[in-house]
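For reference, the structure I am asking about is given below.
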């Protein structure tokens, strides 16, 4: 049970959020131009990192905003949160 | 029992309050402050349980939550009875009833003890090996195995007790109120922080509770006095809260902890009444201090499980805290100096100590010297090789250890006794530390795992951090806690200190017999012996996790609190692997078992989940509707008349909807208000069909896919204005569709100016269908011309009902002429009643979800989630017509051109007609082309929807079948348990293929 700092609302309990998978996977602008393999890469392939992972979270039972989280999957420590469209802090 | 083992004085029990209780039907007496264990021991009762597998007699080993043997069944009442309760943790009260479990006919004479004689053929993995074949008989074996191997009996009636949940936030949580915990609490409380101190026991003081007051001394006080003084000072401080009888079950990440507080289990029945039994605490702590103490280890030798063999620290606690002697003639068996404090305690009370058996060569500790000076006999470098006696120990057989400790030498010495105190050293209680994600390290000299690394704001102090000397505990706690809390509170505690000798460890003691003849128990509760572990290693199990599962060591309800270290030690010795490299098995929550009641709390019956009711709910209720749960919604299922059953009601409702008029409450459908200059473009991207050209005031059916091309949701969307739409979703999909659309808007297409608002609850929806529906609507809704040309199918108009604006859509899910009135939710019931009144002359019939399903199946309309299951494309539904070929992109489009979604031989939705028109198929039945005598048969697909159609007067069904689109007219079979049903593949639309009725 984490505590997540929503960039819009501040620190809230894990139970208010829903998880949205790996972040920074951009939907291809021209899907029809892609081969099956390229489309499968976008559709199915995820890194599933042990360590610092960038992922999407939604403050579902709050402001309903999506944002990004940098979380260490080995100990669930959240290192940073940042808004959609922003780059992860270096 | 005539023997009275209660001392004449001493202990913390209240001798003025005598309590009677029953054990195995016999009335016994104890005092207020006794546990069931101490009260039974005071009555001279050691034999309280039979073991799990061999039904061996078992007594008390410990005095707290670590107890593996003495688990009992509490209460007789079928609702309140509770199995597997540690007798060492139950406080007695007037009227308590407890029983031994896993024995028949009684704990004294247990027939299944015959298992003990068969034990050579009941080794680890016995069940896996023996009952593998023939597989068919497993169900029969299982019954007998479960019957003979087992624990207590579950309650069979509903739990009548009240339970509670509580959320709590604090700056410092301290777990354990022993010397380290109390010291830490004092520092934390003085710092002004909000502190919570919890302990699982009724009393505070931890290991000090059982301490010998002649030996242990703090601030020139006896241990009890010091605890009293510290506790009373603590509770005066306003910023600290102290809880007893509160066990931390789970320690999660981010310092989130679950604890269970026992509020009334120790009270008598009258005082329990109308009170909350247990409270589950959900605590968020900024900082956590673990002061969970340590657990004493037993010794592993032949028949080390006999009643009357007890942990030395437990014997000390029974003596000093409860005023109970566990025996009259005692042998102590040790590898450390701590057991000598027990010897001094017993000797001080005039109890005869026959001998102390010590595996060490010598010790120069102060307590040892004191024992020597008192003339207590010590046998150095000796070991117990066997405990004699059956239901109670009557002698210890002792032999000298060889120089290398690998074998025993010389003659057997028999020492008669009625109590054997064992002390194998202490194991830090690191369970909560590891639960929280902390990493352990093994100290190769001191033979224990200690907290090594944590990423949380957390600290371990005292014995759980591997410090056992009282003076060191207090000193070290001050230093660590001051640093941890950034405080500077001075340590003014004066602790009497004494010199201690070393500690020597032998995991599995050598024996004079071959190992096959020896029964040395490692896990008492699961009856796993050292031989079982050896066997597992011989059979090739290497990983500690595998050995654990194969032998079941550490898997009982005590989770190996006693067993784990020895199991690891024996594996380490045999496999010649260092303990540190071997690692430990994972400690999982809960630390001690929790009740389901506490976990569930108040979330029972109607509070289990939210119930959503439509504005017309009470009309349905008043008119006898049966309800169906659809997600959280209660939907009217059917409205039985004159004791109709469901089938008859649904047939009647379905007929009326087509012949006269039907009315359905469709308020539960998800409704999303979509506004913004890019609303049309947005719909183009989320639905498979095109939306740009939809005129204002028109409705369109849309199919929504996942990015993988599979059907996700469907519904009708209406264009209310240039940049304004109202989308409907399935009842169950409302929330997920909303969040999916938000996801795309916020993350993929932030450039689109579109705003979504969920308005599901804001509108009530009354759907009126049937040939007379137009006439009814004309009577109810003003300001709308209902002529077919003016208000055609798939269009929308705004009307007025009694000055209240409403939206009317002419859309149909039944295939009949049909209108949906959407009105502000508060007016829902009134509008429904108006329609009923206006429809009376046309025999308007309310119909529920079941008739709705039947009607749409006649028409071949799919229900997402019934005909689809997340693996179905629009093509599979034979709905290619709804997929735009022109649109450049929409969610899921690219996936429709993947090799898998385009391949031949996918399943397609088709209709099925039974050979016998009265035969109704079972939904979910498998369909085959070729019948064989017995399975397996090649399955082509399954029935998704099936009804008897009152309008077609025959059975109809929808199904998904491999290559179904090419099978029209083909005969297929449905094998049932006792028969085979013949079906013909047909078109999925059974009713009004031309659509003349809905366009009427």
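The values are calculated or read from the model by the stated rules, or taken from the named source; none is laboratory data. Everything numeric in this text was worked out from a predicted model, so none of it was measured. No Cβ is skipped: glycine too gets one built from the backbone with ideal geometry, and neighbour counts run over all protein chains shown.
Only one residue in B:400, B:392 is farther than 28 Å from residue B:366 by Cα, in the same structural domain as residue B:335 (by TED's automatic domain parsing) and out of contact with any helix residue (DSSP H, G or I) (no Cβ under 9 Å at 6 or more places or on another chain). Which one?
Exactly one of B:400, B:392 is farther than 28 Å from residue B:366 by Cα, in the same structural domain as residue B:335 (by TED's automatic domain parsing) and out of contact with any helix residue (DSSP H, G or I) (no Cβ under 9 Å at 6 or more places or on another chain), namely B:392.
Could you check, for region B:551-572, whether at least one of its residues is more than 30 Å from residue B:249 (Cα to Cα) and surrounded by fewer than 24 Cβ atoms within 10 Å (Cβ to Cβ)?
We begin by selecting, within region B:551-572, every residue more than 30 Å from residue B:249 (Cα to Cα); these are none.
No, region B:551-572 contains no residue that is more than 30 Å from residue B:249 (Cα to Cα) and surrounded by fewer than 24 Cβ atoms within 10 Å (Cβ to Cβ).
Here is a follow-up. Which residue out of A:1, A:84 is facing chain B (nearest Cβ under 8 Å), more than 24 Å from residue B:738 (Cβ to Cβ) and touching a helix residue (DSSP H, G or I) at 6+ places or on another chain (Cβ under 6 Å)?
Answer to the selection: A:1.
Now a separate question. Would you check if residue B:480 is over 30 Å from residue B:54 (Cβ atoms), in contact with a helix residue (DSSP H, G or I) (Cβ under 9 Å, 6 or more places away or on another chain) and surrounded by 16 or more Cβ atoms within 10 Å (Cβ to Cβ)? First the steps, then the outcome.
On the way: over 30 Å from residue B:54 (Cβ atoms): yes; in contact with a helix residue (DSSP H, G or I) (Cβ under 9 Å, 6 or more places away or on another chain): yes; surrounded by 16 or more Cβ atoms within 10 Å (Cβ to Cβ): yes.
The answer is yes for residue B:480.
Residues in region A:26-46 that are under 14 Å from residue B:708 (Cβ atoms), more than 9 Å from chain B (Cβ to nearest Cβ) and part of a loop (DSSP other than H, G, I, E, B): how many?
Residues meeting the conditions: 2.
In addition: Can you name the number of the only condition in (1) under 40 Å from the mean Cα position of the chain (by Cα); (2) away from chain A (no Cβ under 14 Å) that residue B:656 fails?
Evaluating residue B:656 over (1) under 40 Å from the mean Cα position of the chain (by Cα); (2) away from chain A (no Cβ under 14 Å) leaves (1) as the failure.
Moving to a separate point now. Using the structure shown, decide if residue B:884 is without any contact (Cβ under 8 Å) to a residue 12 or more places away in the chain, assigned to a loop (DSSP other than H, G, I, E, B) and not assigned by TED's automatic domain parsing to the domain that holds residue B:707.
When the stated conditions are applied, residue B:884 does not pass them.
Where residues in region A:6-21 are more than 10 Å from chain B (Cβ to nearest Cβ), in a strand (DSSP E or B) and surrounded by 15 or more Cβ atoms within 10 Å (Cβ to Cβ), which of them is modelled with the lowest pLDDT?
Here the answer is A:12.
Could you list, in sequence order, the residues of region B:720-733 that are surrounded by 23 or more Cβ atoms within 10 Å (Cβ to Cβ) and over 14 Å from residue B:754 (Cα atoms)?
Correct list: B:728, B:729.
Considering region B:362-376 alone, what residues qualify as being in a helix (DSSP H, G or I) and surrounded by 15 or more Cβ atoms within 10 Å (Cβ to Cβ)?
B:366, B:367, B:368, B:369, B:370, B:371
Quick one: in region B:12-39, which of the residues that are buried (at least 21 other Cβ atoms within 10 Å of the Cβ) and assigned to a loop (DSSP other than H, G, I, E, B) is farthest from the chain's Cα centre (by Cα)?
B:13
Can you give me the ranges of the helices (runs of 4 or more DSSP H) entirely in region B:533-613 with at least 3 residues that are within 27 Å of the chain's Cα centre (by Cα) and without any contact (Cβ under 8 Å) to a residue 40 or more places away in the chain?
B:544-551
Given the residues B:199, B:219, which is the only one that is touching a residue at least 40 places away in the same chain (Cβ under 8 Å), over 16 Å from residue B:175 (Cβ atoms) and in contact with a strand residue (DSSP E or B) (Cβ under 9 Å, 6 or more places away or on another chain)?
B:219
For residues in region B:890-911 being touching a residue at least 60 places away in the same chain (Cβ under 8 Å) and in a strand (DSSP E or B), which is farthest from residue A:35 (Cα to Cα)?
Here the answer is B:911.
Can residue B:956 be described as within 14 Å of chain A (Cβ to nearest Cβ), surrounded by 18 or more Cβ atoms within 10 Å (Cβ to Cβ) and at pLDDT 95 or above?
Here the answer is no, as residue B:956 does not meet what is asked.
For region A:66-81: of the residues being within 7 Å of chain B (Cβ to nearest Cβ) and either under 18 Å from residue B:742 (Cβ atoms) or assigned to a strand (DSSP E or B) (or both), which is modelled with the highest pLDDT?
Among those that are within 7 Å of chain B (Cβ to nearest Cβ) and either under 18 Å from residue B:742 (Cβ atoms) or assigned to a strand (DSSP E or B) (or both), it is A:66.
Restricting attention to strands (runs of 3 or more DSSP E) lying wholly within region B:259-322, give those where 2 or more residues are within 14 Å of chain A (Cβ to nearest Cβ) and farther than 15 Å from residue B:199 by Cβ.
Strands (runs of 3 or more DSSP E) meeting the threshold: B:276-290.
Considering region B:195-238 alone, what residues qualify as being under 19 Å from residue B:63 (Cα atoms), modelled with pLDDT of 95 or more and not in a helix (DSSP H, G or I)?
Result: B:198, B:199, B:200, B:201, B:202, B:203, B:204, B:205.
Those residues that are more than 28 Å from residue B:895 (Cβ to Cβ) and surrounded by 14 or more Cβ atoms within 10 Å (Cβ to Cβ), I need them from region A:33-58; list them, please.
Initially, region A:33-58 is screened for residues more than 28 Å from residue B:895 (Cβ to Cβ), giving A:50-52.
Residue satisfying the conditions is A:52 alone.
Kindly establish whether residue A:61 is within 12 Å of chain B (Cβ to nearest Cβ), in contact (Cβ under 8 Å) with a residue 24 or more places away in the chain and surrounded by 12 or more Cβ atoms within 10 Å (Cβ to Cβ).
yes
So that you can scan it fast, the table gives a plain yes or no per residue for (1) in contact with a helix residue (DSSP H, G or I) (Cβ under 8 Å, 6 or more places away or on another chain); (2) in the same structural domain as residue B:824 (by TED's automatic domain parsing); (3) over 27 Å from residue B:620 (Cβ atoms); (4) without any contact (Cβ under 8 Å) to a residue 12 or more places away in the chain:
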{"position": "B:718", "(1), (2), (3), (4)": "no, yes, no, no"}
{"position": "B:728", "(1), (2), (3), (4)": "no, yes, no, no"}
{"position": "B:733", "(1), (2), (3), (4)": "no, yes, no, no"}
{"position": "B:749", "(1), (2), (3), (4)": "yes, yes, yes, no"}
{"position": "B:764", "(1), (2), (3), (4)": "yes, yes, no, no"}
